[in-house]
Amino acid sequence: FQDFTYQWDSKLSNLTCVLKTMGYIKEDLTLNRPAFETEFFKEADVSATDNLADPIWRQKTTGMLTDCIDTSNSIPPAQIDNNPLSRRYGPLARCMIFMKCAKVNL
């Protein structure tokens, strides 16, 4: 179990650092909704692929990401505290829920 938690701690620490640097997670470890709504595709080379070049696809993807933010924020704190893994990571548990949702939907 210790090895498992060490691996999760390491992965989550690295991911948190990257997402903070990119501005997708705030200093209080909550998701930065405006970054996903308006800034997500600003830095991307939208000519790189057909999907990125399609404004409808970008709008749907942005909507899906904000839906995932809403989903992660809608989980009651008692539900998060009931799970030992999510309880261990506190506010990052909502980021974990968001990432699972985004992974399934992207």
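The values are calculated or read from the model by the stated rules, or taken from the named source; none is laboratory data. Everything numeric here is computed off the predicted structure, so don't read it as measured data. Heads up, the Cβs are rebuilt from the backbone with ideal geometry, glycines too, and the neighbour counts pull from every protein chain shown. For accessibility, only protein heavy atoms count, side chains too; no ligands or nucleic acids. Shrake-Rupley method; radii C 1.70, N 1.55, O 1.52, S 1.80 Å.
Segment Val104..Thr66, full-extension length gain: 12.3 nm, with 0.36 nm per residue of separation and the alpha-carbon distance subtracted.
Computed from the Kirkwood radius of its Cα pairs, the Stokes-Einstein diffusion coefficient for the chain at 10 °C and 1.306 mPa s stands at 106 µm²/s. A simple charge model with +1 on the Cβ of Lys and Arg, -1 on the Cβ of Asp and Glu and nothing else charged puts the dipole of the chain at about 240 debye relative to its Cα centre. Computed from backbone phi, the HN-Hα couplings of the stretch 50-58 come to 4, 4, 5, 6, 8, x, 5, 4, 4 Hz, rounded to whole numbers (Karplus: 6.51 cos²θ - 1.76 cosθ + 1.60, θ = phi - 60°; Gly and Pro given as x). Considering only protein heavy atoms and a 1.4 Å probe, what is the carbon-and-sulfur percentage of the accessible area of the chain? Taking all protein chains in place, the chain shows 56 percent carbon and sulfur surface. Between Ile25 and Lys20, Asn32, the built amide H atoms are under 5 Å apart, and every one of these is 5 or more places off in sequence or on another chain.
For the chain, what does the helix formula give at 222 nm: sum of -39500 (n - 2.57) over DSSP H segments with n ≥ 4, over the residue count, nearest 500 deg cm²/dmol? Please list the in-between numbers first.
Details: 6 runs with 71 residues, N = 106.
Dividing the helical sum by the residues of the chain leaves -20500 deg cm²/dmol.
Each residue of the stretch 87-100 is assigned a 3J(HN,Hα), and the resulting list reads 4, 4, 9, x, x, 6, 4, 5, 5, 5, 5, 4, 5, 4 Hz, derived from the Karplus form 6.51 cos²θ - 1.76 cosθ + 1.60 (θ = phi - 60°), x at Gly and Pro.
Identify all aspartates and glutamates with a Cα-Cα distance to Lys20 below 13 Å; exclude those on the same chain that are fewer than 8 residues away in sequence. Qualifying aspartates and glutamates at Cα under 13 Å: Asp28. Label positions at Asn83 and Glu39, each projected 7 Å from the Cα along the C-beta direction, are separated by 2.7 nm.
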